[in-house]
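So the structure is just underneath, and the comments pick up after that.
Laboratory data are not the source of any read-out in this text; all were calculated from the coordinates shown. All values reported here derive from a predicted model rather than from experimental measurement. Don't worry about glycine lacking a Cβ; one is built from the backbone with ideal geometry, like all the others, and counts go over all protein chains shown.
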Amino acid sequence: MTDIREKKDNVKMHLRDLRQNLKKMHLEVTEELILPQPDDVKKLINKMDQLLKLIESK
């Protein structure tokens, strides 16, 4: 049971981080008309991949 709770908390933490990063990126694009750096996009993609692996793991 503890393992499931830890996994759930870990997923929540990853989702909060992703959401915060995407929100910042969105504001830069919409308000400041600045496109994100390719490395920033790659970092977010990697974080999403890590989250997916975490969710799919048993």
Along the charge dipole of region 2-56, Cβ charges K/R +1 and D/E -1, which of P38, L22, T2 sits furthest on the positive end? T2
Stretch in the chain that is longest and holds no GluC sites (Glu not before Pro) that DSSP places in a loop and that have at most 10 other beta carbons within 10 Å: 1-30
May I ask for the angle, rounded to the nearest 10°, between helix 2-30 and the longest principal axis of the chain, with both axes built from Cα atoms and the value confined to 0 to 90°? 10 degrees
Pairwise FRET efficiency - R16 versus E56, Cβ, R0 = 25 Å, nearest 0.05: 0.80
Proximal aspartates and glutamates to K24, defined as alpha-carbon separation beneath 12 angstrom and excluding residues fewer than eight positions away on the same chain: E32, D40
Please give the length that would be gained between E32 and N46 if that part of the chain were fully extended, namely 0.36 nm times their separation in residues minus their C-alpha to C-alpha distance (nm, one decimal). 2.5 nm
Taking Cα atoms only, helix 38-56 is inclined relative to the longest principal axis of the chain by an angle, in degrees rounded to 10, of 20 degrees
Residues listed by number, region 44-58, amide nitrogen under 18 Å from K23 label point at 7 Å toward C-beta: 44, 48
